[in-house]
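Before any comments, here is the structure.
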Amino acid sequence: MTSLETFTLEVADTTAARHFYAAFAAGVEVRLRASEAPTTGFRGFALSLTVPRPADVDALAGAALAAGATALKPASKSFWGYGAVVQAPDGTIWKLATSAKRDAGPATGRIDDVVLLLGVADMSASKRFYVDLGLAVARSFGSKYVEFATPSSPFKMALYGRRALAKDVGVPIDGSGSHRLVISGAGGPFTDLDGFAWEAAVPAPTA
């Protein structure tokens, strides 16, 4: 496995989810699949959108809330920058963040990075699992955070301690059942140590 191709969110209502993502983040490729798989509480992952300015965070958060999302963390400054966390109507958690603390102008409408954050129980074991499958580590902060090098992929993937990730996005750590997430890329299908499912990459549907 040397690349990531897509991620698919499994949702109860694909039509409603499609409308939400068109209004919230039209520039991000979000594949959707119908699923009624039981799931409760924290699903163990979040998606992060990195943007240039605080105005971009505000614009994305405003669009998400107007389209039916719930605010988990209102937009605010922090040590590392400026950010907000929202939860889509389908249950997916989205972090919106910039390293800039002050606006240098109006919202640009640009999304610099899409990062899939997987909450893991054992960072060392999960890191080794993915390295053994062929992913190279781009950044690592001990047992807290590991980001993989995926230069040819439309999104990045990082490992985050499950407890720390839940705290970061503002939800209780408890959760069970389906992650409601499927990742595709070279090397699938398989399931990782934390139950995240991978499948072989397939061409995008024609519509």
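The values are calculated or read from the model by the stated rules, or taken from the named source; none is laboratory data. Bear in mind that the values here come from a model prediction, so they are computed numbers and not experimental data. Cβ coordinates were reconstructed from backbone atoms using ideal geometry, including for glycine residues, and neighbour counts include every protein chain displayed.
When only residues in segment 132-152 that are of a type in the set (D, E, K, R) and more than 20 Å from G188 (Cβ to Cβ) count, which is modelled with the lowest pLDDT? I'd like the intermediate steps shown before the answer.
Initially, segment 132-152 is screened for residues of a type in the set (D, E, K, R), giving 132, 139, 144, 147.
Imposing the further condition that a residue be more than 20 Å from G188 (Cβ to Cβ) reduces the set to 139, 144, 147.
Values: R139: 93, K144: 89, E147: 97.
Among those residues, the one meeting the criterion is K144.
In segment 153-171, of all residues being at pLDDT 95 or above and in a loop (DSSP other than H, G, I, E, B), the one that is farthest from K95 (Cα to Cα) corresponds to V171. Against the test of being modelled with pLDDT of 95 or more, among the hydroxyl-bearing types (S, T, Y), at negative phi and surrounded by fewer than 21 Cβ atoms within 10 Å (Cβ to Cβ), the options T70, T92 yield a single qualifying residue, T70.
Look at segment 66-84: where a residue is closer than 21 Å to P52 by Cα and a partner is of a type in the set (S, T, Y) and assigned to a loop (DSSP other than H, G, I, E, B), sitting 6+ places away or on another chain with Cβ atoms under 7 Å, you get W80/S99; G81/S99. Restricting attention to segment 117-137, the residues that are in contact with a Ser or Thr (Cβ under 8 Å, 6 or more places away or on another chain) and either closer than 26 Å to D58 by Cα or free of Cβ contacts under 8 Å to residues at least 24 places away in the same chain (or both) add up to 3.
Take the residues in segment 172-207 that are in a loop (DSSP other than H, G, I, E, B) and among the hydroxyl-bearing types (S, T, Y), then tell me which one is modelled with the lowest pLDDT. Give the steps one after another, and end with the answer.
So the first thing to find is which residues in segment 172-207 are in a loop (DSSP other than H, G, I, E, B), and the list is 172-174, 178-180, 186-189, 192-196, 201-207.
If we keep only those that are among the hydroxyl-bearing types (S, T, Y) too, we end up with 178, 206.
Values: S178: 97, T206: 44.
Only one residue tops the list, namely T206.
All of A25, A37 fail the test of being surrounded by fewer than 22 Cβ atoms within 10 Å (Cβ to Cβ) and at pLDDT below 95, apart from A25.
Scanning segment 90-116 for residues that are over 27 Å from G185 (Cβ atoms) and part of a loop (DSSP other than H, G, I, E, B) yields S99, A100, K101, R102, D103, A104, G105, P106, A107, T108, G109.
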